[in-house]
Amino acid sequence: MATAATCAFFPAANPPPDSGAKSSGNLGGSLPGSIDTRGLNVKKPSFGSLQAKANAQAPPKVNGTKVGVMDGFKNDDDVISSHHPRTFINQLPDWSMLLAAITTIFLAAEKQWMMLDWKPKRPDMLADPFGLGKIVQDGFVFRQNFSIRSYEIGADRTASIETMMNHLQETALNHVKSAGLMHGGFGSTPEMSKRNLIWVVTKMQVVVDRYPTWGDVVQVDTWVAASGKNGMRRDWLLRDSNTGDILMRASSQWVMMNKETRRLSKIPDEARAEIEGYFVDSPPVIDEDSRKLPKLDETTADYTRTGLTPRWSDLDVNQHVNNVKYIGWILESAPMQILEGCELAAMTLEYRRECRRDSVLQSLTSVLDKEVGDFTDFGNVECQHVLRLENGGEVVKGRTEWRPKLVNGIGTLGGFDFA
């Protein structure tokens, strides 16, 4: 084996024709020519005659090159005329071609990556870049990030209240989905779906400290808690993901409704067992506003907007108007002086009945404390709202608080007459 390996790297010239006979004699000298190692009589081969016969044959030529000659039977002329002896290294493939191809692919990929420029412009863009959300705080809180886009801001270049409310609703649904409880409907659990039950909101309280602007990344945390025997409370905290400052707080009350009969229902024990493991024992992020909302009609309202009808895009999968849409309808009757000079600071909404596709609604607004409307003391303005059907049935009752918009850190100046 050692000899064969050595010959592969260092091929030697073939011995002369008469050397075959000598070697055969030496081989035969070591052992009797007619006896093998097992003591059997064998006929000794004639190596010399075989070598002589092979050397006597003239190898054929093709285009001046000798072919068909085995390496073991080459003569001296063949060895001398061979400029590239066959070695182990020469028999390897040409790796330079493969290395060149790999280098070309690598350089092309690097150039494409530099053209795409995926490097984030701000460190806060690294947090949850795809907005998928995750469960945090021992599985009780769901967290999701949102980037404020250009089509989500209003005339004052800040996110609208509808945009922020949509983010709250999105995190609530994704919380249920991430917990593995989503089963048809809008946030319905498997046991709720068996009984045709859905969640409906009955009350919503919102406090806004600051509105994000275009390009800001906001972080929304949400969790649930028990509310009485047949209700559930869901809270939200919306923060600036870069600074951690709280931008908005919200708290809501939810009950179950039968999807077929459209009547409120108690929480079945089976459905309660599905969700009570996620309840957090903590107070609401906003103290409950227990003030009773006064009755508002055409005679007591300062501003009225009629003929509001739902569009097909306003309906959700439960075949009624999404609760966020009601906010826009309520603000339809708010005076333009407030919308232009103030920003919504707080809001309390009480949902009385659902609105369907064929409903026609009226929006009524009453401005309280009209004597402070000139903003001489930079005070807030409070409004009362009612969204009702044309036949008089109340859909939503609400109270809003407004503060003057800030310009370079200073309250807006100028008087407004709400009379």
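Under the condition of being open to solvent by less than 40 Å² (accessible area, probe 1.4 Å) and under 14 Å from residue 400 (Cβ atoms), which residue from segment 280-300 is farthest from the chain's Cα centre (by Cα)?
Looking at the filtered set, the residue picked out is 296.
If I go through segment 289-311 residue by residue, how many of them are of a type in the set (A, V, I, L, M) and either free of Cβ contacts under 8 Å to residues at least 60 places away in the same chain or assigned to a strand (DSSP E or B) (or both)?
Residues in segment 289-311 being of a type in the set (A, V, I, L, M) and either free of Cβ contacts under 8 Å to residues at least 60 places away in the same chain or assigned to a strand (DSSP E or B) (or both): 1 in total.
Those residues that are part of a loop (DSSP other than H, G, I, E, B), open to solvent by 20 Å² or more (accessible area, probe 1.4 Å) and modelled with pLDDT of 90 or more, I need them from segment 312-352; list them, please.
Scanning segment 312-352 gives 332, 352.
With respect to residue 270, is the statement that it is without any contact (Cβ under 8 Å) to a residue 60 or more places away in the chain, part of a helix (DSSP H, G or I) and among the acidic types (Asp, Glu) true?
Taking the combined requirement at face value, the residue does not satisfy it.
Look at residue 144 and say whether it is out of contact with any Gly (no Cβ under 8 Å at 6 or more places or on another chain) and modelled with pLDDT of 80 or more.
no
For residue 245, indicate whether it is more than 30 Å from residue 194 (Cβ to Cβ), at pLDDT 95 or above and open to solvent by 40 Å² or more (accessible area, probe 1.4 Å).
So residue 245 fits the description; yes.
Return a yes/no flag: does segment 358-370 have any residue that is closer than 22 Å to residue 255 by Cα, surrounded by 15 or more Cβ atoms within 10 Å (Cβ to Cβ) and at pLDDT 90 or above.
Scanning segment 358-370, I find no residue that is closer than 22 Å to residue 255 by Cα, surrounded by 15 or more Cβ atoms within 10 Å (Cβ to Cβ) and at pLDDT 90 or above, so the answer is no.
Does residue 251 satisfy the criteria of being open to solvent by less than 70 Å² (accessible area, probe 1.4 Å) and either part of a loop (DSSP other than H, G, I, E, B) or closer than 29 Å to residue 179 by Cβ (or both)?
Working: open to solvent by less than 70 Å² (accessible area, probe 1.4 Å): yes; either part of a loop (DSSP other than H, G, I, E, B) or closer than 29 Å to residue 179 by Cβ (or both): yes.
Answer is yes for this residue.
The values are calculated or read from the model by the stated rules, or taken from the named source; none is laboratory data. These numbers come from a predicted model, not from an experiment. All Cβ positions, even for glycine, are placed from backbone atoms using ideal geometry, and neighbour counts span all protein chains on display. Protein only, heavy atoms only, side chains kept; ligands, DNA and RNA dropped before computing areas. Shrake-Rupley method; radii C 1.70, N 1.55, O 1.52, S 1.80 Å.
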